[in-house]
Amino acid sequence: MDNRIGSFMSKFNTQELNIYENYSWTWSLNPQHNTLGASILSGKRFNEKFSDITEKEGVEFMEMIRIIESTINKSFNYDKINYLMLMMIDPHLHFHVIPRYKTLRLFAGDKWTDHGWPTMPKFSLEDTDLVILREIRDELRKNLMIK
C-alpha cells in the first residue's frame, strides 16, 4: 500500500469508521463530525487530482454517490448534501460528505444542529467520541441502500 494512503487512512481512521467500500472507493465517517452523518469518500488508489481517476473509478464513484445519498437520507433525512474536495492538507483524493439540516436532529441521545445552515458548513476541529461515531456508523450500515 502506498504510504500516502496509509497515512490518510490512519488520520481519518477509515478502517474503524468504514461504512461501505467498493473496488475503488471507501466511504467512512469523518472523526471530526460536524453534522450528523458527516463522512469521507476517499479513493483507494493515490491520486492528487480528480481528473486522474480511471473510467472504472468514475463509474464506481457515481455508484458510491447514489449509495451515500440514499443511505444518509434513509438514516437521518437530510435537507441538502454538500461535497467538498479541498485537499489542502491531505493531498490524497477525497471528498468531505456533509449532510445539511434545517432543523435539529436527535440521535444516540445527542442533539445534532447544523450550525452553518444555510451557509457554509461549520467544521469541528476535535474528534467526536468514538462510541458515538460507532453508533452513527452502525446506523448507516443498517440502512445501507445498495441496489
* Does anyone have the angle between helix 55-76 and the longest principal axis of the chain? Alpha-carbon axes, 0 to 90°, nearest 10? -> 10
* Structure fact -> Whole-Å distance linking the alpha carbon centroid of the range 109-147 with that of the range 64-82 is 12
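How much FRET efficiency would the formula 1/(1 + (r/R0)^6) give for Glu55 and Ser7, where r is the Cβ-Cβ distance and R0 is 25 Å, rounded to 0.05?
Approximately 0.35, to the nearest 0.05.
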* Taking a point 7 angstrom from the Cα of Asn82 along the C-beta vector, which residues in the range 39-54 have backbone N less than 19 Å away? -> 39-42
* Asked: Which whole-Hz couplings ³J(HN,Hα) result when phi for each residue of the range 83-95 is put into the Karplus expression 6.51 cos²θ - 1.76 cosθ + 1.60, θ = phi - 60°, listed in order with x for Gly and Pro?
  -> 10, 10, 10, 8, 6, 7, 9, 10, x, 5, 4, 7, 10
* Structure fact -> Rounded to the nearest 10 degrees, the helix 130-142 long axis (Cα) sits at an angle to the longest Cα principal axis of the chain of 80
* Residues with beta-carbon under 13 Å from that of Thr103, excluding Thr103: net charge, scoring Lys, Arg +1 and Asp, Glu -1? -> +3
* Structure fact -> A correct Kirkwood calculation over the Cα atoms of the chain returns a hydrodynamic radius in Å of 15.5
* If you roll a 1.4 Å probe over the heavy atoms of the protein chains, what accessible area per residue do you get for the chain, in Å²? -> 56
* For the range 23-71, go through all pairs of different Cα atoms, get the mean of 1/r, take its inverse, and jot down that Kirkwood value in Å. => 11.7
* Asked: Listed highest first by mean packing, meaning other Cβ atoms within 10 Å per residue, what order do 110-118, 89-97 come in?
  -> 89-97, 110-118
* Asked: What is the helix-to-structure angle for 3-12, meaning the angle in degrees between its Cα long axis and the longest Cα principal axis of the chain, kept from 0 to 90 and rounded to the nearest 10?
  -> 0
* Return the carbon/sulfur percentage of the accessible area of the chain, one whole number, probe 1.4 Å, all protein chains in place. => 52
* Asked: Given the rule -39500 (n - 2.57) for each run of at least 4 DSSP H residues, summed and divided by the residues of the chain, what is its mean residue ellipticity at 222 nm, to the nearest 500 deg cm²/dmol?
  -> -10000 deg cm²/dmol
* Structure fact -> Neighbours of Met145 by Cβ distance under 14 Å: Lys/Arg at +1, Asp/Glu at -1, summed charge +2
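Under unit Cβ charges (Lys, Arg +1; Asp, Glu -1), what dipole magnitude, rounded to 20 debye, does the chain have relative to its Cα centre?
It comes to approximately 360 debye.
The values are calculated or read from the model by the stated rules, or taken from the named source; none is laboratory data. What you see is a predicted model, and the numbers here were worked out from it, not measured in a lab. We place every Cβ from the backbone using ideal geometry, glycine too, and count neighbours over all the protein chains shown. We work out accessible area using only protein heavy atoms, side chains counted, and drop any ligands, DNA or RNA first. Shrake-Rupley method; radii C 1.70, N 1.55, O 1.52, S 1.80 Å.
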